[in-house]
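Below: one structure, written as structure tokens.
The values are calculated or read from the model by the stated rules, or taken from the named source; none is laboratory data. Here the structure is a predicted model, which is why all the values come from computation and not from measurement. FYI the Cβ positions are ideal-geometry reconstructions off the backbone, even for glycines, and counts take in every protein chain you see. The area values use the complete protein model at the heavy-atom level, side chains included, leaving out ligands, DNA and RNA. Shrake-Rupley method; radii C 1.70, N 1.55, O 1.52, S 1.80 Å.
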Amino acid sequence: MVSRVTTVAFQGIEAVSVDVQVMVAPGKIGMHIVGLADKAVAESRERVQAALHASGLSMPPKKVTVNLAPADLPKEGSHYDLPIALALMAALGAVPADALETYVVLGELSLDGTIAAVAGVLPAAISANALSKGLICPKPCGGEAAWADPEMDILAPASLIGLANHFKGTQVLSRPISAVRKRSTGGPDMADIRGQETAKRALEISAAGGHNLLLIGPPGSGKSMLAERLPSILPPLTPRELLEVSMIASIAGELSDGKLSSARPFRAPHHSASMAALVGGGLKARPGEVSLAHNGVLFLDEFPEFTPQVLDSLRQPLEAGETMIARVNHRISYPSRIQLIAAMNPCRCGMAGEPGHTCRRGDRCASDYQARISGPLLDRIDLRIEVPAVSARDLIQPAPSEPSEVVAERVAAARDRQYRRYELLGLSTTTNATASSAIIEQVAKLDTGGKALLQDAADHMKFSARAYHRILKVALTLADLDGTETIGRIHLAEAISYRISNTPLARAA
């Protein structure tokens, strides 16, 4: 007799059905797992046997064969423990086999029979719902699974014996409740920033349109402080964005207590990060920082200190909004629509252009340092501003600064205008930065003065086609902040000024 239980294998954020087949037959005593299983799955044999023993069951003195079908699909992870154990219990008659047919199962077993949390429960729950099945998952992951469908049958047992008692009718497992992690209050606020009015203006524009931003200034000028306050003025995730972000976090195992958060991701990897850590990859092709920042912010401090190859790997995600990881065994795509915020010093010594300072190596100090950032990557950054050192006057007698709550209201109003604009066109785009070039040309309405200014600037400064369209996007965001339908000369002038600054870096681009 062969007993069957359905579980899943993960390919990116997609969950693929896997049929766990267990047969108990005469032969050499032992358990054998086949079906292209990795080391973690092969070790399930020991965990399952120990968990069954702790639950009062013993392995049969027969040959137990476990087949994970389809056999040519790689099986990775410890979440196969629970489906293997349940299929074996069904083969032994400890649980009714027909009761397991309507569930997708995943969970890791401890040696004492308790069920530990695993990654990927939310994508598994969505896949199970698409198959019109319920889900059996660890208790810590129950709140995460409950987001898939409010009517879905979900069991979240704490132990193997508790699940067996539920099927016997001696214990009832209640359906878990979906939970939301409250947004923290009292965090970094725009009111903390003294001076830097130009930088704060650029930060507001960046938040309103989802534009990439580069901050250039000497050490201690407040570049990191500005970037860390960007999440405080961004609108919360929409339900669709929340689901996308949570699925990636679930695959990466970063959803603690099964609670989802409406706050936009903010990832700030160290400049020693490898290419696999930043864009994803590795042996199991896991999502990288650029995917974990999907629908949020990726902050790269000390921008030129990242290796050039790692920085250039961001080109595709910034342009396409997804990361394609191609390996010999598989090809996986992760959503990666991010807002890039980068900060850097103007030169290696950090003080180029500051009054009274002269670099020992002259102009080469700045040019060699800035050359670590390639032109194609720089061309994808919409706003580039200089962040000068804060003066003593700003610190001693600070002018009143707007709190994040006030700025966030203007950002939300601008984003609402963008959402309604693209919704009328039947597009899923929600910000100007993510709109295609063809759509921007269609919706951007320039007045006569604006057209003339843009034409003159493009001819004089030799803008690339990408730079031309990105200037239009920034100008459209400025019009949205002003609540106007037409892009004026003043909007284009400000957008062009953010594209070109006095630094050699910007002139080179």
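Of all the listed residues (Val34, Val20), the sole one being open to solvent by less than 60 Å² (accessible area, probe 1.4 Å) and touching a Leu at 6+ places or on another chain (Cβ under 9 Å) is Val20. Helices (runs of 4 or more DSSP H) fully within region 277-348 that include at least 3 residues being crowded, with 17+ Cβ neighbours inside 10 Å and among the polar types (S, T, N, Q): none found. Identify the single condition in (1) more than 21 Å from Leu492 (Cα to Cα); (2) surrounded by 16 or more Cβ atoms within 10 Å (Cβ to Cβ) that Pro376 does not satisfy, given that it satisfies every other one. The one condition Pro376 does not meet is (2).
From (1) in contact (Cβ under 8 Å) with a residue 60 or more places away in the chain; (2) surrounded by 19 or more Cβ atoms within 10 Å (Cβ to Cβ), pick out the condition that doesn't hold for Val64. Only one criterion is unmet by Val64, namely (1).
Among residues of region 349-371 being part of a loop (DSSP other than H, G, I, E, B) and among the aliphatic types (A, V, I, L, M), the one that is nearest to the chain's Cα centre (by Cα) is Ala371. Condition (residue is more than 24 Å from Gly107 (Cα to Cα), at pLDDT below 95, polar (S, T, N, Q) and open to solvent by 40 Å² or more (accessible area, probe 1.4 Å)) applied to region 207-221: is it met by at least one residue? No, the conditions are met nowhere in region 207-221. Within region 119-131, restricting attention to residues that are open to solvent by 10 Å² or more (accessible area, probe 1.4 Å) and touching a helix residue (DSSP H, G or I) at 6+ places or on another chain (Cβ under 9 Å), the residue that is nearest to Ser159 (Cα to Cα) is Ala119. Test Phe303 against the stated conditions and say whether it is among the aromatic types (Phe, Trp, Tyr) and closer than 30 Å to Ala179 by Cα. The answer is no for Phe303. Taking every residue in region 97-118 that is within 13 Å of Ala158 (Cα to Cα) and polar (S, T, N, Q) and pairing it with any residue that is open to solvent by less than 50 Å² (accessible area, probe 1.4 Å) and in a strand (DSSP E or B), at least 6 positions away or on another chain, the pairs with Cβ-Cβ distances below 9 Å are Ser110/Ala116; Ser110/Ser159; Thr114/Ser159.
Checking each residue in region 157-183 for being touching a residue at least 24 places away in the same chain (Cβ under 8 Å) and of a type in the set (Gly, Ala, Ser) picks out Ala158, Ser159, Ala164, Ser178, Ala179.
Annotation: of all residues in region 450-464 being out of contact with any Phe, Trp or Tyr (no Cβ under 9 Å at 6 or more places or on another chain) and closer than 21 Å to Thr486 by Cβ, the one that is most open to solvent (accessible area, probe 1.4 Å) is Lys451. Any chance region 413-421 includes a residue that's of a type in the set (A, V, I, L, M) and open to solvent by less than 50 Å² (accessible area, probe 1.4 Å)? Looking for residues that are of a type in the set (A, V, I, L, M) and open to solvent by less than 50 Å² (accessible area, probe 1.4 Å), one finds at least one in region 413-421, hence yes.
Within region 449-462, the only residue that satisfies the criterion of being under 17 Å from Gly375 (Cα atoms) and free of Cβ contacts under 8 Å to residues at least 12 places away in the same chain is Lys462.
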